[in-house]
Structures are given as C-alpha cells and as structure tokens.
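The values are calculated or read from the model by the stated rules, or taken from the named source; none is laboratory data. Everything numeric here is computed off the predicted structure, so don't read it as measured data. Neighbour counts are summed over all protein chains in view; Cβ atoms, including those assigned to glycine, are modelled from backbone coordinates with ideal geometry. Each accessible area value is taken on the protein alone, full model and side chains, heavy atoms only, with ligands, DNA and RNA left out. Shrake-Rupley method; radii C 1.70, N 1.55, O 1.52, S 1.80 Å.
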Amino acid sequence: MVITRYKPIHALLYLVVSFLAVSMIFFSLGATFVAALEVIVYAGAIIVLFIFVVMMLNLGQDTATQEKQWLQPKIWIGPSLLALALLVEMIVLISKGTGSSMALTAVEPRKVALSVYREYIIALELIGFLLMAGIVGAAHIGQHKKRTIHRFLLEDKDDEPKKETEMEEKEIGV
C-alpha cells in the first residue's frame, strides 16, 4: 500500500502501519527492546521527519497526477514476478523446515546503549549530521524563490514581466 498510493501522506500512513507490523514480528520473536526501538525510532521519529519534508515541499494534486502516470499497470509486471519468486522460495523453505526452535538471547538496553555510545559514537554523530543536511536540503528545495528573468526586466505581482521603461512611465504618469 505504501507504493501504490498516489497521495504522499496516505503512503506515509501505510508506512507507519508496516513499521508497526515489523515491530510486532520482533515482539513475537521475543525481542521486546528491538520492537520498542522500532516503534520509537522508525514509526515515530523517521515518519515525523518524512511528514515535515512532505509539508515543506508542498506536494499537491500535481504530484498525485504524476504518480498515476508513473504507476501504470505494465510497470507492475517485473515487481510482481520478483515477489512471486520470493513467495515460492519462502514456501519451499517453510515446507523443508526441520521445526527446530531458534536460540534467542535477550539483549539488555544497557548493553545496547554502551555499544552505541562507546564504539559507534562517530557513526551516530555522522547520522545526525546527515539527517540535519536532509532537513536543510528539503527546506531549501521547498522554498518558492522569485525568478529574475533579466536585470532590465522586473516581475509584477501577476508574474508578468514588465520593462523598466514601462514602470517608469507609470510612475511619471505618461
């Protein structure tokens, strides 16, 4: 549903649902901490970031129309064949399964925090810079700038360029 929606906000809402589903998979496997991180980090923070980007870019009906043009039925042939191949592979692996249980080990939040803030502190800081650069880039792209056609041409509020001589004639009253 994330891929097939035409409106960006609807696609983001379905992405939240998919993140929550992944979180439930982690929870059912016994990884409660990872499930909580999935909800907090992905379904919370990352989706909020995406929504801010969509709001700053001011995507409207034009984007939905463009998405409809891109998502023609013939486009879905390749991805459908790949999904079918993965489904067949999953069915084969499940049918050949031995039924043995997985060995699960619980990871304490303290160990995760120590590993992140000791060994990977530089990577964590670089990710923060990367996210900040993404926000600044989205804000820059989302700005509506005044276009200057030429230094002798000025723009009117109606977006119709007028020459300086015409502007001066109006000011003088000629």
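Here are some notes:
- Solvent-accessible area of VAL22, all protein chains in place: 60 Å² (probe radius 1.4 Å, heavy atoms, ligands and nucleic acids excluded).
- Distance between modelled label sites at GLN61 and ALA85, nm, 7 Å Cα→Cβ extension: 4.1
- Sites VAL48 and ILE121, calculated FRET efficiency, Cβ-Cβ separation with R0 22 Å, nearest 0.05: 0.35
- For ARG5, the accessible surface of its heavy atoms amounts to roughly 80 Å² (probe 1.4 Å, protein chains only, rounded to the nearest 10).
- Separation in nanometres of the label points that stand 7 Å from Cα toward Cβ, at THR32 and TYR14: 3.3
- Per residue, in Å², the accessible surface of the range 13-137 once ligands and nucleic acids are set aside, probe 1.4 Å: 79
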